[in-house]
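Trainee: Below is a structure I'd like to ask you about.
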Amino acid sequence: MQAIVPYLNFNGNAAEALAFYSNALNGQVVFQQPFGDMAPDPSCKDKIMHATFVAGDLTLMVSDCPTGVSVNSGDQVSLSLNFDNVETLEKTFNALAEDGNITMPLQDTFWGARFGMTKDKFGVHWMFNFDYDKK
């Protein structure tokens, strides 16, 4: 079995989210296909039917909801990012927190890590972790 790949659904703003994540996570969209390729309702022809985003070892799949379908932001899942250094953790945390809501500021923890949580401006929950050397 390979790694689980999160699939994020949006209400018509998937392209905006992908641009935001490309900048915040220093990644890129490696595949993108609009609904127009399958000739549905013309009002959603430019919306994203499927896209794949990659940043290092992180892969996300993304889609806009088709006409007549919508998604509500949920609190049941957080995407957890683990970092090799504190500087990258802090930079990424600040980028994803922009116009969002920090739910736990970055801080050193009793379990020997730097950790924090934010909900980004699209309603996606993120967890950030850097484990200090346990020598």
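Trainee: Are there any pairs, at least 6 apart or on different chains, whose C-beta atoms fall under 6 Å, with the first in region 53-72 and modelled with pLDDT under 95 and charged (D, E, K, R) and the second surrounded by 14 or more Cβ atoms within 10 Å (Cβ to Cβ) and part of a strand (DSSP E or B), and if so, which?
Mentor: Short answer, once both residue conditions are applied: 64/10; 64/48.
Trainee: Restricting to region 15-29, give me the number of residues that are under 15 Å from residue 122 (Cα atoms), surrounded by 15 or more Cβ atoms within 10 Å (Cβ to Cβ) and more than 11 Å from the chain's Cα centre (by Cα).
Mentor: Residues that pass the stated criteria total 1.
Trainee: Looking at region 40-57 only, could you name the residues that are surrounded by fewer than 16 Cβ atoms within 10 Å (Cβ to Cβ) and of a type outside the set (Val, Ile, Thr)?
Mentor: Passing the criteria: 40, 41, 42, 43, 45, 46, 56, 57.
Trainee: While we're on this one: Scan 96, 8 and give me the residue that is of a type in the set (A, V, I, L, M), in contact with a strand residue (DSSP E or B) (Cβ under 7 Å, 6 or more places away or on another chain), touching a residue at least 40 places away in the same chain (Cβ under 8 Å) and assigned to a helix (DSSP H, G or I).
Mentor: None of the others qualify; the one that does is 96.
Trainee: Residues in region 19-41 that are modelled with pLDDT of 95 or more and touching a Gly at 6+ places or on another chain (Cβ under 9 Å): how many?
Mentor: Result for region 19-41: 4.
Trainee: When you scan region 76-91, how many residues do you find that are without any contact (Cβ under 8 Å) to a residue 12 or more places away in the chain and either surrounded by 12 or more Cβ atoms within 10 Å (Cβ to Cβ) or of a type in the set (Val, Ile, Thr) (or both)?
Mentor: Qualifying residue count, region 76-91: 2.
Trainee: For residue 37, state whether it is farther than 17 Å from residue 19 by Cβ and surrounded by 12 or more Cβ atoms within 10 Å (Cβ to Cβ). Don't jump to the end; show me each part of the working.
Mentor: Details: farther than 17 Å from residue 19 by Cβ: yes; surrounded by 12 or more Cβ atoms within 10 Å (Cβ to Cβ): no.
No: the conditions fail for residue 37.
Trainee: Suppose we filter region 59-109 for residues that are more than 19 Å from residue 5 (Cβ to Cβ) and either in contact with a helix residue (DSSP H, G or I) (Cβ under 6 Å, 6 or more places away or on another chain) or not polar (S, T, N, Q) (or both); how many remain?
Mentor: Of the residues in that region, 23 qualify.
Trainee: Let me ask another. Answer yes or no as to whether residue 106 is outside any loop (DSSP other than H, G, I, E, B) and either without any contact (Cβ under 8 Å) to a residue 12 or more places away in the chain or under 28 Å from residue 31 (Cα atoms) (or both).
Mentor: no
Trainee: Scan (1) assigned to a loop (DSSP other than H, G, I, E, B); (2) within 16 Å of the chain's Cα centre (by Cα); (3) under 21 Å from residue 6 (Cα atoms) for the single condition residue 129 breaks and write down its number.
Mentor: Every condition holds for residue 129 apart from (1).
The values are calculated or read from the model by the stated rules, or taken from the named source; none is laboratory data. Here the structure is a predicted model, which is why all the values come from computation and not from measurement. Ideal geometry is used to build each Cβ from the backbone, glycine not excepted, and the neighbour counts take in all protein chains shown.
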